[in-house]
Amino acid sequence: MTYKKIFTSKNIIFTFLVILLLILLPKITNILMMFFAAYVLACALNPYVTQLMKRMNRTMASTVVLLSSLLALVALFIPIIFVAFREIKTFMISLPHKISDAATYILTSEFYGHKLTDLVDIENILGNTSSFAQGLFNHSWTFTMGLVQVIVIFIAITMIVYYILLDKTYLKNKFIEFFPPDMKNKASDILTTISSRVGSYVRAQLLSMTAVGVMVMLILFILRVEYATLLGLISGILDIIPILGPSIALAVILLVAYPLGLTKLILVIAGFLLVQQISNYIVRPVLFGKMMALHPLMIFLALFLAQQFLGFWGVILSPAIASTVCVLIDELYLTPMNLKVNDEK
């Protein structure tokens, strides 16, 4: 009788689906992370939808909140782009000259009485002109295709966020159906806690990026580096990508600032590194710790693990992933265990 209860058609199908999911999981990680990113954004926007539902139905409230968020995003960047438009224009015009001047400076500078061309075979590194041009074309094509892919992903995430907001109750009920009757209330509470925690991630991330952008801009203004507003904007946006993003931002800043001399370059590097230290050890831990109830060490651990196993998406969403895992461990293991210990006492 026991075997008949275990080996039912429903259990066999469910086991088969779980095994199939585990096999496909490595191949669909990016898709799952995209849906998780949409879920995080939906959690951040859901409180506003709930507020609007006092005046209108959920469909209208979801539409208004999502459109308002997109308009707010555009409205946020328009003044910055308007202020930095002149900088962007002159920067793009002067960029080839700056690269050429930087290359000339490096090639003509002497190191202990020797020029770089005497120490390194530049022609052998670059190859002939045609192959270099072909490589440049291939990189340009790759960049264009990557840009198109980013646009498609942005549109897809926007649509997923809309449907998560629209059908929040339906999706939550369907999720809870996977649990036995005695665990449905617990599952509902856990899902609510996770939604609240990961929703705070978006607000913490935006504040962190803003803080970095403003601090970099102020330092560059003080040091009288050109395009300070634009470079601060670039630094703030790239801060969403740990390690790699700040490295790219610093490289762009140095490309602009190198004509100011070695002393100014050292001050620029020192100021940029100071901003990163303030961001990494004060701003981000405080923001993510308070808004998501995470210890700074947990944030660092999540960052390294997510980068190792989940790549780009994992790096960006590591605090939200850490918050989700911590809630599950706390609610499913630590809290019941401690309650049991207290009852025994």
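Look at (1) touching a residue at least 40 places away in the same chain (Cβ under 8 Å); (2) more than 24 Å from residue 149 (Cβ to Cβ) and you find that residue 54 fails only one, number (1). Mind listing just one residue for me: the one in region 229-274 that is exposed (fewer than 15 other Cβ atoms within 10 Å of the Cβ), small (Gly, Ala, Ser) and closer than 27 Å to residue 300 by Cα and, of those, modelled with the highest pLDDT? The extreme case among them is 270. In region 23-35, the residues that are closer than 12 Å to residue 157 by Cα form Cβ pairs under 6 Å with partners that are modelled with pLDDT under 80, at six or more places apart or across chains, as follows: 33/313.
In region 150-188, the residue that is modelled with the highest pLDDT out of those that are surrounded by fewer than 12 Cβ atoms within 10 Å (Cβ to Cβ) and among the charged types (D, E, K, R) is 174.
Just so you know, in region 310-325 the residues that are of a type outside the set (A, V, I, L, M, F, W, C) and within 14 Å of residue 208 (Cβ to Cβ) include one that is surrounded by the most Cβ atoms within 10 Å (Cβ to Cβ), and it is 319. For residue 18, state whether it is farther than 15 Å from residue 169 by Cβ, surrounded by fewer than 12 Cβ atoms within 10 Å (Cβ to Cβ) and of a type outside the set (Lys, Arg). Here the answer is yes, as residue 18 does meet what is asked.
The values are calculated or read from the model by the stated rules, or taken from the named source; none is laboratory data. As the structure is a prediction and not an experimental result, all values here were calculated from the model. Neighbour counts are summed over all protein chains in view; Cβ atoms, including those assigned to glycine, are modelled from backbone coordinates with ideal geometry.
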